[in-house]
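Read the figures in this text as sums done on the coordinates, not as results from a lab. All of these numbers come straight from a predicted model, not from anything done at the bench. Don't worry about glycine lacking a Cβ; one is built from the backbone with ideal geometry, like all the others, and counts go over all protein chains shown.
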Amino acid sequence: MKLGPTLEERVRHIEDRVAIGELIARYCLVMDSRDVDAIEPLFTPDARVWSADGVMDARGRQAVIELFKGWFTVPGPSNHFTHDRIVEFDHMDPDRATGLVLAHAEMGRKGQPMLAAIRYQDVYQRCEGRWRFRERGLSFMRDVPTLQCHHGELT
């Protein structure tokens, strides 16, 4: 009878959580720097990126790269920030995990500063020794202009 995860399994999960956290951070940096060449290593060959509103739905790493290349022409400068995340490991497959990431992005759109609240629904896969996104779903919870202060008044 097995009482629980072994020490080795627990340490591996900690290391995997750190690696997945770094993957999520790299994604934000790639989006903000518009680094097309850095997209490929973030995703598995069979990756899918989709959005809850149906605007995005790319299947396969090359289609994901093309999707982001097009997306990079829409917003102005951006800064993505992640907050809380939940990662659950697949007990049947040690190279697979799912996650929910709460985030926001500050960006410019049509010359206007905007603030977007985002939830990412992820599937992570260890591929060629590295954690990568197998699936990344985006739900935009809010996308609003930021308030600006002008002579003490909010506009």
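Only residues that are of a type in the set (A, V, I, L, M) and within 12 Å of G137 (Cβ to Cβ): list them for segment 41-52, please.
If the condition is that a residue be of a type in the set (A, V, I, L, M) and within 12 Å of G137 (Cβ to Cβ), then A47, V49, A52 are the ones that fit.
Just give me the residues in segment 72-117 being free of Cβ contacts under 8 Å to residues at least 12 places away in the same chain and more than 30 Å from H13 (Cβ to Cβ), in sequence order. Answer for segment 72-117, where residues must be free of Cβ contacts under 8 Å to residues at least 12 places away in the same chain and more than 30 Å from H13 (Cβ to Cβ): T73, K110.
Looking across segment 29-66, just one residue is farther than 18 Å from R134 by Cβ, under 13 Å from the mean Cα position of the chain (by Cα) and not aliphatic (A, V, I, L, M), and that is D32. Within the set V101, V74, V55, V87, the sole residue that is in a loop (DSSP other than H, G, I, E, B), within 14 Å of R136 (Cα to Cα) and among the hydrophobic types (A, V, I, L, M, F, W, C) turns out to be V55. The single condition from (1) closer than 20 Å to L42 by Cβ; (2) part of a strand (DSSP E or B) that E106 fails is (1). Taken over segment 1-30, the residue count meeting the criterion of being surrounded by fewer than 14 Cβ atoms within 10 Å (Cβ to Cβ) and within 23 Å of E106 (Cα to Cα) is 3.
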